[in-house]
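Just below is one structure, and these are the notes that go with it.
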Amino acid sequence: MNNQVTELQRAVHIPEGLFMIKLCSRCLWVLLWLTSLELRAQSEQPPPVAEAAPVAEPAGTTAEDEDTLQSLLDDFDSTPQEEGAAPEPADAAGDTPAEAPVQQDVAAPAAAEELPVIRLQEKQAAAPVLKEAAPRSPQLEEIVVTATKRSQVARDIPSSMSVQSGEKLEQLGIRKVKDIFTLIPGVNLQDEIAGQQRKISVRGVGPDTGTNQTVGTVLGDVPISDPYGATTIVDPNPWDMRTVEVLKGPQGSLFGATSLAGLIRYVPNAPELEVWKGKAFYDYTTVDRGGSAPAFGGALNVPVGDSVALRLAGIYQNSPGVIDSDNPSRREEDVDSAHSWSGRAMALWQPSEELSINAMYLKDRRVSDDINIVTFPEPSYSREDAPQASPSANGFTLATLDIRYAFDWATLASISGYQEKNSYNDIDTSYLAQPIAQAGVSFLHAQRQVDTHGLMQELRLTSPDDGDLTWLGGVYFSSFSQAIVSDLYLEGTSILGPLAALLPPPLSGLISENGVSLARAGYDPLEANELAIYGEANYDFSDSLRLTLGSRLYKTTVEGTFKSSGASSGNNGKNTGTTEKGWSPKIAITWRPWDDIMFYGNISRGFQFGGFNLPTISTGQTPLTFESSSLWNYEIGARTDWFDRTLRLDITAFFLDWTNPQVRQVGPGGLSAYVDNVGATHNIGVEGTLSWATPIEGLIIEQTGSYIEARTSEPFQDVSGEEIPEGTLMPSAPRVQAVTTLSYSRPFGPWLTQASLINSFQDTAFTSIDHSTEVGGYNLLGFTFNLTRNDLSWTPSITLSVNNIMNEQKLAAGFGPAGGDVGPLGRIVADSSYVYTQPRSIILRGAIEF
């Protein structure tokens with residue numbers, strides 16, 4: 001038979017892939033044609049007689065029917081396709097990957113088994129009646145994730161998480177992690193400001209200025225956030241991602257030190273074997289009272305033979321600016337514009353069913369022309385005190401190798417990663433002396449350069465998913481090395497740089513390559529290592545009861561060589577730092593009394609690296625090191641589905657005990673700032689989600705929200721001697737967050753229309769433990785409308801998005817007094833910086849998929 005098929009293929013000159021598609025499609029048409037004849041024949045047969053009669057040929061066959069069948073069979077003999085011509089697009093089912101990232105149950109046509117099947121050899125007592133399947137409401141989607149380092153439905157995992165599909169993020173035009181967080185209550189972000197790193201908090205556990213991050217970031221299984229310092233924050237563009245998973249609560253047992261309060265996990269779309277597919281987009285953004293800028297990107301999956309596949313993805317984005325400079329030395333509009341580009345290449349080689357090798361190379365770069373701050377608390381997007389620009393640049397490179405071999409009893413995985421980061425900013429800090437800066441004179445700059453190298457290796461064994469007992473375990477090692485240099489120098493004195501080599505110490509330390517240095521300090525190198533053994537096991541006592549136990553034994557070391565000159569003094573040389581050992585356990589229980597109702601409880605522990613202080617001006621009272629902190633998480637929750645999974649109600653309550661939190665301390669006169677360990681906090685809260693696929697076809701309503709009380713549980717004194725009382729609200733911890741989403745989809749002729757209205761509420765919060773600056777307290781309303789042609793092979797779509805419809809101008813980040821007069825002295829010496837919400841923006845986007 002195979003030889004006959006091959007000969008037929010050669011005779012008509014049809015390529016192999018196209019030939020099989022045509023052959024299958026024609027066979028399907030013939031089958032459907034014969035089925036229709038049979039149904040017609042059975043409906044026209046007379047009632048059966050008592051005795052069995054010989055099987056007859058189908059009745060009712062007409063000349064038209066015979067012509068139809070002949071045309072179907074003769075189609076292979078039509079004009080042969082010329083060599084090199086593009087084949088017809090494969091059927092959509094042929095393009096479906098073996099493991100779809102999003103599993104969605106929607107209203108579907110009646111399945112084959114739901115139609116009356118009538119065998120030719122049987123006689124019916126009466127003509128069958130074809131009934132339409134009863135209409136069903138579309139079911140809410142179920143998303144498969146790998147957050148536990150094995151594939152699981154997200155709703156089956158006994159831990160609170162929010163999962164956003166890459167398809168949804170692309171449709172909404174989301175390009176940054178801060179835009180993702182507007183969709184997730186319980187997660188707060190205060191953006192980067194004046195060279196200080198952004199602050200991400202989960203459930204009220206967030207970093208203070210200059211402390212280590214409390215929320216980790218991983219790409220696949222490779223951590224890309226620094227275990228300490230966090231001077232370079234990677235913000236992967238979610239373009240061509242399968243999912244972005246935000247895990248709430250400590251993930252220390254599986255992911256280690258970078259996940260004290262939670263974890264952000266980016267899962268890119270993997271290469272697919274034997275499938276050609278791609279997509280591309282172009283959009284244009286216009287910001288109210290700001291600039292306009294384009295962005296474009298594309299992705300392509302390329303099969304090479306039947307065992308190799310490549311996937312290439314890239315995006316280039318211009319971000320329009322909104323800040324104007326109104327200074328005698330510089331009168332420009334939209335000075336804070338930026339651009340970024342990111343490229344990713346992935347390769348899969350699967351020589352056998354047991355062995356797979358995945359490799360990835362990613363390069364990302366972001367450049368900003370100026371900082372997006374204002375120096376006074378009034379809502380404004382204009383500066384009079386910026387005589388010079390404050391440029392910044394961030395680069396990130398990542399290479400990974402993932403090798404897996406499936407034995408009968410377990411799968412062995414080796415995951416290796418190497419990364420490089422670099423960040424640079426040169427901030428014109430002349431605004432500290434307002435009269436001089438407003439006159440157009442730049443005299444003082446603060447420069448910082450950071451170069452980071454990181455290496456990680458993980459070996460893991462994972463059991464099959466079948467059986468009552470499933471388990472995984474492995475060993476993990478990571479090593480990070482960082483060189484940091486901060487320089488506060490006088491502008492216009494760089495001509496003196498060559499003189500440094502001619503001057504004797506300590507005078508030579510007063511001059512750097514930038515000129516006269518008031519304070520120059522840094523670490524070269526600063527090193528941190530983590531070594532861990534971890535494991536997790538699930539045991540099903542019954543179909544409804546599961547117990548999960550996890551554990552991680554770890555050892556961390558931090559050391560560095562401190563270098564200072566200029567007005568900085570002392571403490572130069574190598575510091576052996578700290579070595580800490582610990583244990584992060586996890587226990588969870590899941591009970592599912594009914595298929596659509598699940599209850600769970602979870603106790604877990606997370607930890608956070610200690611580190612080294614980098615004071616601008618070092619004093620004898622400044623501690624060079626600070627210790628790690630730890631957090632215990634206790635949570636219970638319920639996940640429920642109702643009315644054939646058209647109504648979903650989830651609720652989680654939690655209590656966090658955070659010991660030794662890291663807090664920024666500012667020395668007398670504001671000349672020295674450092675990190676110290678003080679006190680403890682108790683965070684208590686509740687999160688909930690209500691999703692409803694309404695009886696109105698295509699309309700889905702979702703309401704999510706969180707309420708958190710994050711307060712100190714014991715008093716402590718800050719560096720100035722002022723007591724911070726017990727019960728003080730922690731920084732970066734808004735009490736209430738809520739997101740309301742209305743989405744509606746409906747066919748309109750050949751087009752599928754989709755519209756979404758999203759309102760995100762952010763309660764007020766403080767940026768520091770002394771509550772000097774209050775941010776938040778606003779609603780951001782957004783709207784998205786999309787038109788898609790799924791019936792065309794290249795699937796064109798057009799999307800219009802409007803963000804911040806009401807044009808809210810509220811304080812989103814900052815430090816210094818807010819909401820009041822800074823006073824006469826503040827008008828002369830401005831030591832404050834503020835960032836406001838981005839004004840209303842409109843994005844028009846066109847995209848294709850093929």
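The values are calculated or read from the model by the stated rules, or taken from the named source; none is laboratory data. Keep in mind it's a predicted model, so treat the numbers as computed, not measured. Quick reminder, even Gly has a Cβ in these numbers, built from the backbone with ideal geometry, and neighbours come from all protein chains shown. Each accessible area value is taken on the protein alone, full model and side chains, heavy atoms only, with ligands, DNA and RNA left out. Shrake-Rupley method; radii C 1.70, N 1.55, O 1.52, S 1.80 Å.
At a glance:
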quantity	calculated
Condition check for A230: within 19 Å of S628 (Cα to Cα), out of contact with any His (no Cβ under 7 Å at 6 or more places or on another chain), at pLDDT below 85 and open to solvent by less than 10 Å² (accessible area, probe 1.4 Å)	yes
Residue tally, condition at pLDDT below 80 and either buried (at least 16 other Cβ atoms within 10 Å of the Cβ) or hydrophobic (A, V, I, L, M, F, W, C) (or both), over the stretch 611-638	11
The lone exception for Y834 - which of (1) in a strand (DSSP E or B); (2) at pLDDT 90 or above; (3) over 23 Å from the mean Cα position of the chain (by Cα) it fails	(2)
Residue list for the stretch 431-490, restricted to those being among the polar types (S, T, N, Q), touching a helix residue (DSSP H, G or I) at 6+ places or on another chain (Cβ under 8 Å) and within 30 Å of Y405 (Cα to Cα)	S478
Single match in L247, L189 (criterion: surrounded by 21 or more Cβ atoms within 10 Å (Cβ to Cβ) and more than 25 Å from V367 (Cα to Cα))	L247
Of all residues making up the stretch 407-426, the number that are open to solvent by less than 50 Å² (accessible area, probe 1.4 Å), in contact (Cβ under 8 Å) with a residue 40 or more places away in the chain and under 29 Å from the mean Cα position of the chain (by Cα)	10
Within the stretch 751-768, tally of residues that are within 24 Å of the chain's Cα centre (by Cα) and in a strand (DSSP E or B)	10
The lone exception for E722 - which of (1) open to solvent by less than 30 Å² (accessible area, probe 1.4 Å); (2) out of contact with any strand residue (DSSP E or B) (no Cβ under 6 Å at 6 or more places or on another chain); (3) of a type outside the set (A, V, I, L, M) it fails	(1)
Filtered residue count, the stretch 155-167, keeping only those that are crowded, with 19+ Cβ neighbours inside 10 Å and not in a strand (DSSP E or B)	5
Among residues of the stretch 398-410, those that are in contact with a Leu (Cβ under 7 Å, 6 or more places away or on another chain) and of a type in the set (S, T, N, Q), counted	0
Odd one out for A194, checked against (1) modelled with pLDDT of 80 or more; (2) more than 16 Å from the chain's Cα centre (by Cα)	(1)
Residue in the stretch 541-550 that is in a strand (DSSP E or B), modelled with pLDDT of 95 or more, touching a helix residue (DSSP H, G or I) at 6+ places or on another chain (Cβ under 6 Å) and not charged (D, E, K, R) present	yes
Meets criteria (within 30 Å of E580 (Cα to Cα) and small (G, A, S)) for G522	yes
Residue within the stretch 583-596 that is acidic (D, E), at pLDDT 70 or above and in a strand (DSSP E or B) present	no
Boolean, T209 is surrounded by 24 or more Cβ atoms within 10 Å (Cβ to Cβ) and hydroxyl-bearing (S, T, Y)	no
Residues being open to solvent by 60 Å² or more (accessible area, probe 1.4 Å) and at pLDDT below 80 - total across the stretch 655-682	5
Residue within the stretch 451-474 that is in contact (Cβ under 8 Å) with a residue 60 or more places away in the chain, open to solvent by less than 30 Å² (accessible area, probe 1.4 Å), among the hydrophobic types (A, V, I, L, M, F, W, C) and farther than 26 Å from I357 by Cα present	no
Yes/no for L401 being of a type outside the set (G, A, S), open to solvent by 40 Å² or more (accessible area, probe 1.4 Å) and at pLDDT 95 or above	yes
Filter result for the condition that a residue is modelled with pLDDT of 85 or more, crowded, with 20+ Cβ neighbours inside 10 Å and in contact with a strand residue (DSSP E or B) (Cβ under 8 Å, 6 or more places away or on another chain), over D641, D650	D641
Considering residues of the stretch 518-540 that are within 18 Å of Q251 (Cβ to Cβ) and charged (D, E, K, R) only, the residue modelled with the highest pLDDT	E536
Of all residues in the stretch 358-388 being under 20 Å from N422 (Cα atoms) and outside any strand (DSSP E or B), the one that is most open to solvent (accessible area, probe 1.4 Å)	D369
Test: residue in the stretch 363-382 that is of a type in the set (G, A, S), modelled with pLDDT of 95 or more and out of contact with any Gly (no Cβ under 6 Å at 6 or more places or on another chain)	no
Near pairs, Cβ below 6 angstrom, 6+ apart or cross-chain, from the stretch 247-266 (of a type in the set (F, W, Y) and modelled with pLDDT of 90 or more) to any residue that is assigned to a loop (DSSP other than H, G, I, E, B) and open to solvent by 10 Å² or more (accessible area, probe 1.4 Å)	Y266/P236
Among (1) within 25 Å of the chain's Cα centre (by Cα); (2) surrounded by 18 or more Cβ atoms within 10 Å (Cβ to Cβ); (3) closer than 22 Å to N803 by Cα - the single one V335 does not satisfy	(1)
Sole residue being open to solvent by 60 Å² or more (accessible area, probe 1.4 Å), more than 21 Å from A257 (Cα to Cα) and in contact (Cβ under 8 Å) with a residue 12 or more places away in the chain, chosen from I495, I436, I484, I511	I495
Breaking point among (1) in contact with a helix residue (DSSP H, G or I) (Cβ under 7 Å, 6 or more places away or on another chain); (2) open to solvent by 60 Å² or more (accessible area, probe 1.4 Å), for T784	(2)
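Results for (1) surrounded by 21 or more Cβ atoms within 10 Å (Cβ to Cβ); (2) under 21 Å from Q388 (Cβ atoms); (3) in contact with a Pro (Cβ under 9 Å, 6 or more places away or on another chain), shown as yes or no for each residue.
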position	(1), (2), (3)
P505	no, no, no
V516	no, yes, no
D524	no, no, no
I533	no, no, no
S542	no, no, no
R546	yes, no, yes
G550	yes, no, yes
